[in-house]
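Student: Pasting in a structure now, in structure tokens, and then I'll have a few things to ask.
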Amino acid sequence: MSIPAKVRIAVEALESPASAWVYDPGVLGARLAAVRAAFPEWTVLYAMKACANPAILAAAARGADGIECASGGELAAAQSAGARRLAFSGPAKTPADIAAAAACGTPLVMHAESVRELEALAAAGFAGPVALRVNRGRALPGSHQMTGAPTPFGMDEDTALAALGQALALGLDVAGFHLHAVSNCLDADAYAAHVRDALAWAATASEGGFGLRYVNVGGGLGADPRGDVLDLDAVAAALGDGPGRFLDAGVDLVVEPGRYLAAAAGWYTAEVVDVKTVGGRAFALVRGGTHHFRLPAAWGYAHPFDVVPGPRTGAVLTDVEVRVCGELCTPRDVLNGGQRVESIGVGDRLVFADAGAYGWEVSHDRFLGHPGPDMVVID
Ligand SMILES: *Cc1c(COP(=O)(O)O)cnc(C)c1O
């Protein structure tokens, strides 16, 4: 792996001992351009829960068609970032969330996840378009399964079809369906099948009930924290002109990637403050750790890293497989369970690439009361 020169410069400029996030909004812009090139007629919303760094969010608000939010807090942040349109998902929306959506001055599609939400939307006078979130009985390969199994997301097909009548009777403007199914899908044929299937199902489900104008296939475009990325051109090739009939009919075909857009735009870096061998195993202990970058602990994988040698002020281990652990008093604070390095020493900075999605956002930084990470934006 190699670290871009400007990231290395930013890492070297940090105060010691460093724990920091480095974001490059330009990378998000490039990823967005790739999605647009592959699917020129689709609507692209950025799922901001992947990375809500203000500079990243601002770049997404500029470059994407809009922002997908999953809380009232995200709604407010996306609006102030200048999003042109919004979508609002989330399985446990509160009355305050629904009131905020009803009062929102930016065009917003509500992804309704239950009958209770439909009733609350009508009661709150929500006048915008509503899409029913449906848990289809179909699984996609990926890391986080949202459908095809009992999950808290959306409604069963049967429930949704019954709810459709209720929603229309309540006077809601039903526009279509939200069919987010999976995260981190790296299989182009499977993703294309998901899109085809979502469109076909939505057409059948809406027949005779309402005019279908919105099909949201969700996120799930794969960008693995270990580096693998879904081949979008292969998805587009596998789809051919399958979605064409829907696009011609004025259906808004929406994709809402988070991970794919944000993963490569963020690097986590942590400085080695100690090295030692315990029980025959080499350890590098860093300032920072999984409370600043929780993903490797949450998923249980070893996140690859590069070593940016610092002024080495203490011990150095050479030609060694090293386990990288953080400053927390728990054996789970492991960023990488074992990676071979030429050398590693106190003062070095370890750089974890492809960390931008679900990195800082899912971290539990209050644990143990250490200072938080620095936040650096480069361009
Ligand atoms: C998390 C989420 C996304 C984004 O998923 P990625 O796998 O990061 O692309 C999109 N839509 C909904 C409803 C989500 O919950």
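The values are calculated or read from the model by the stated rules, or taken from the named source; none is laboratory data. What you are looking at is a predicted structure, and each value in this text was computed from that prediction instead of being measured. No Cβ is skipped: glycine too gets one built from the backbone with ideal geometry, and neighbour counts run over all protein chains shown.
Student: Identify the residue in the stretch 183-233 that is in contact (Cβ under 8 Å) with a residue 12 or more places away in the chain and among the hydroxyl-bearing types (S, T, Y) and, among all such residues, is surrounded by the most Cβ atoms within 10 Å (Cβ to Cβ).
Tutor: It comes out as Y191.
Student: With a cut-off of at least 2 residues that are more than 16 Å from the ligand (Cβ to nearest atom), in contact with a strand residue (DSSP E or B) (Cβ under 8 Å, 6 or more places away or on another chain) and not charged (D, E, K, R), name the helices (runs of 4 or more DSSP H) lying wholly within the stretch 194-277.
Tutor: 244-248
Student: Considering only residues that are touching a Lys or Arg at 6+ places or on another chain (Cβ under 6 Å) and crowded, with 24+ Cβ neighbours inside 10 Å, which ones fall in the stretch 93-112?
Tutor: The one that is touching a Lys or Arg at 6+ places or on another chain (Cβ under 6 Å) and crowded, with 24+ Cβ neighbours inside 10 Å: H111.
Student: Is it true that R116 is of a type outside the set (V, I, T), in a helix (DSSP H, G or I) and modelled with pLDDT of 95 or more?
Tutor: Here the answer is yes, as R116 does meet what is asked.
Student: A further question on this structure: For the stretch 300-348, enumerate the residues that are out of contact with any Gly (no Cβ under 6 Å at 6 or more places or on another chain) and charged (D, E, K, R).
Tutor: D306, D319, R332, R340, E342
Student: In the list R340, R323, which residue meets the criterion of being of a type outside the set (S, T, N, Q) and either more than 29 Å from A50 (Cβ to Cβ) or in a loop (DSSP other than H, G, I, E, B) (or both)?
Tutor: Every option except R340 fails the conditions.
Student: Considering the stretch 172-193 alone, what residues qualify as being assigned to a strand (DSSP E or B) and of a type in the set (A, V, I, L, M, F, W, C)?
Tutor: Residues satisfying the conditions are V174, A175, F177, V182, C185.
Student: Sticking with this one: Restricting to the stretch 34-72, what's the tally of residues that are closer than 21 Å to V376 by Cβ, hydrophobic (A, V, I, L, M, F, W, C) and either assigned to a loop (DSSP other than H, G, I, E, B) or in contact (Cβ under 8 Å) with a residue 24 or more places away in the chain (or both)?
Tutor: Summing the residues that are closer than 21 Å to V376 by Cβ, hydrophobic (A, V, I, L, M, F, W, C) and either assigned to a loop (DSSP other than H, G, I, E, B) or in contact (Cβ under 8 Å) with a residue 24 or more places away in the chain (or both) in the stretch 34-72 gives 10.
Student: Which numbered condition in (1) surrounded by fewer than 22 Cβ atoms within 10 Å (Cβ to Cβ); (2) outside any loop (DSSP other than H, G, I, E, B) is the only one that Y301 fails?
Tutor: If we test Y301 against (1) surrounded by fewer than 22 Cβ atoms within 10 Å (Cβ to Cβ); (2) outside any loop (DSSP other than H, G, I, E, B), just (2) comes out false.
Student: Take the residues in the stretch 35-56 that are of a type outside the set (D, E) and touching a helix residue (DSSP H, G or I) at 6+ places or on another chain (Cβ under 6 Å), then tell me which one is nearest to the ligand (Cβ to nearest atom).
Tutor: Only one residue tops the list, namely A50.
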